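Since the structure comes first, as structure tokens, the remarks are kept for the end.
Read-outs: derived from the displayed coordinates by stated rules, not from any lab. Since we're looking at a predicted model, the values are computed, not measured. Reconstructed Cβ throughout: ideal geometry from the backbone, glycine too, with neighbour counts over all protein chains shown.
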Amino acid sequence: MQAIVHAWIDDNGLTQAGRVKIVRASSQMPVLGRIRDRFVLGQPLKGLKIVLALPLEAATACLGKTLQAGGAELVITSGGPHSNDGEISAALAADGITVIAQSDSEPESAKARLICAMETGPHLIVDDSGEFVGMIQSERPDLLAGIRGGVVRTRAGLLHLTRLEKEQRLPFSIIVPDDALDMDTFDRRCGTVPAVWDDMLRTTDFTAAGKTVVVAGYGRRGKAIAMQAKALGAHVVAAEIDPLKAVEAFMDGCQVMRLQEAALIGDLLITATGALDTIGGKHYFLMKDGVLLCQTGLVGGEINTNELADIAVSHCTVRKNLERYELIDGRSIYIYDAKLPVNGITADHNCAEMTDMRLALLALSLQYMNEHYDRLGNEVLKAPYALGEEIAVLKLQSLGANIDEAADR
């Protein structure tokens with residue numbers, strides 16, 4: 001298969017460095033490796049064109065090469081700001097994969113890349129957060145013809161997708177593998193959330209021990225963040241709008257209170273709601289001097305920085321991704337770059353080992369979508385339980401672990 005290397009790739013001389021990164025990541029992804037071996041033999045994706053709109057990093061490259069091994073023709077474009085590794089892009093292009101990427105993170109440039117990718121005429125698409133689908137539907141609905149279905153890597157755009165479904169405007173079936181139980185248990189608790197704390201602690205020099213950490217949102221990610229904070233020695237306060245989740249937080253040993261009350265005592269306020277303006281103007285006036293704010297959910301918007309800028313008398317960059325706002329009364333509020341979720345800022349890429357099961361499930365979801373698209377409605381679907389169970393079996397095999405069967409007991 002001949003690669004169509006788009007001129008937007010920054011430097012094709014970086015190929016070897018990119019290949020080294022991909023080999024390293026591949027060695028940490030045994031489950032995806034087993035899927036790749038299976039795909040090589042079965043060729044379940046032969047004759048298909050698949051567009052991946054994902055961060056161009058080593059783990060994405062491993063996914064792309066797995067799909068390519070299954071017979072698919074791949075088009076990969078960066079899925080958002082700060083998501084393009086030029087070395088990875090060059091290595092993928094050299095290995096016969098169409099890559100449309102550049103370092104420019106401006107929204108219009110990202111939109112142009114996505115449209116360019118869609119103009120290649122894919123059968124299946126993989127979207128990072130669900131925004132891709134909505135953008136193409138509003139900007140270029142003519143490009144939706146021929147698409148059999150899609151898979152969304154994260155839950156960030158789930159509300160938007162379900163709204164399209166309710167309005168009967170969803171153009172095709174979409175699977176959200178991130179809703180699977182194994183993703184909740186392993187990826188968030190063991191991967192995403194430790195990355196949140198690692199990034200934040202390295203960037204801000206914040207020490208959690210003895211501090212009051214306020215977690216806004218006690219869903220799956222918020223709970224994992226709270227448990228990690230407790231393990232680091234923090235006193236954890238949970239702020240929720242769902243009474244059941246608030247009770248769960250209380251039973252887990254967290255203090256529960258309204259966010260406005262928690263803003264008075266928090267040393268760190270970290271959001272995990274996925275909702276716009278979780279923290280805004282009414283909270284800033286209550287916060288203590290030196291408070292640190294971080295977001296982990298929606299890409300941009302959980303923390304309203306515009307309202308903070310309006311009441312600040314000065315603003316400066318303390319270090320990369322850490323901003324300081326001084327208020328008229330002398331208090332300082334620090335924000336760990338609210339333009340992106342915390343775990344997407346300082347790390348070079350998502351931990352390959354921790355994304356192994358998620359991306360393996362994504363690969364199987366694409367195979368499932370292709371085999372069943374003509375029997376699926378235009379709905380937002382969870383990955384079938386059997387696929388998650390299959391991934392768990394492969395993970396156990398990679399660990400050399402065995403479990404009983406029901407007949408053994």
Given a Förster distance of 45 Å, report the FRET efficiency between VAL40 and ALA231 from their Cβ-Cβ distance, rounded to the nearest 0.05. 0.65
What is the spin-label model distance, in nm, from ILE311 to ILE403 if the labels are put 7 Å beyond Cα along the C-beta direction? 5.0 nm
Expressed in nanometres to one decimal, the distance between label points 7 Å along Cα→Cβ at GLN255 and VAL23 is 5.3 nm
Taking 0.36 nm per residue of sequence separation and subtracting the Cα-Cα distance, how much length would be gained by fully extending the chain between VAL247 and VAL318, in nm to one decimal? 21.7 nm
Sort out for me the Cα centre separation of the range 387-403 from the range 213-287, rounded to whole Å. 34 Å
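Would you please classify the overall shape of the range 12-154 from the alpha carbon gyration tensor, given that a ≥ b ≥ c denote the square roots of the eigenvalues, rounded means a/c under 1.5, and beyond that prolate means a/b larger than b/c while oblate covers the rest?
Details: a/c = 1.90, a/b = 1.21, b/c = 1.56.
In terms of gyration-tensor shape, oblate.
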Charges on Cβ only, +1 for Lys and Arg, -1 for Asp and Glu, centred on the Cα centroid of the range 189-344; of ALA312, PRO243, ALA208, which one is farthest towards the dipole's positive end? ALA208
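So how strong a dipole does the range 189-344 carry about its Cα centre when Lys and Arg Cβ are +1 and Asp and Glu Cβ are -1, to the nearest 20 debye? Don't skip to the end; give the middle numbers.
Numbers: 16 positive and 18 negative charges, 79 e Å.
The dipole of the range 189-344 has a size of about 380 debye.
Nearest 5 is fine: what % of DSSP beta bridges in the range 189-344 come out antiparallel, could you say?
Working: 11 of 30 bridges.
Taking every DSSP beta bridge with both residues in the range 189-344, the antiparallel ones total about 35 percent.
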Using R₀ = 25 Å, calculate the FRET efficiency as 1/(1 + (r/R₀)^6) where r is the Cβ-Cβ separation of ASP277 and GLN168; round to 0.05. 0.30
Tell me, what is the FRET efficiency for LEU144 and LYS382 to the nearest 0.05, using R0 = 35 angstrom and their Cβ-Cβ distance as r? 0.95
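Exactly which trypsin sites (Lys or Arg not before Pro) in the range 216-285 are in a DSSP loop and have at most 14 other Cβ atoms within 10 Å?
On the way: sites: ARG220, ARG221, LYS223, LYS230, LYS245, ARG258, LYS282; in loops: ARG258.
Passing sites in the range 216-285 are ARG258.
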Cα gyration tensor shape of the range 189-344, rounded if a/c is under 1.5, else prolate or oblate by comparing a/b with b/c: prolate
Gain in span if fully extended, ILE328 to ILE115, counting 0.36 nm per residue against the direct Cα distance: 72.1 nm
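Counting alpha carbon pairs within less than 8 Å and at least 6 residues apart, what relative contact order, in whole percent, applies to the range 203-344? Can you show the working numbers first?
Values: 310 pairs, mean separation 29.3, N = 142.
The value is 21 percent.
Can you tell me the length gained on complete extension of the stretch GLU390 to ARG375, counting 0.36 nm per residue apart and subtracting the Cα distance?
Numbers: separation 15, 0.36 × 15 = 5.40 nm, distance 2.21 nm.
Difference between extended and current length: 3.2 nm.
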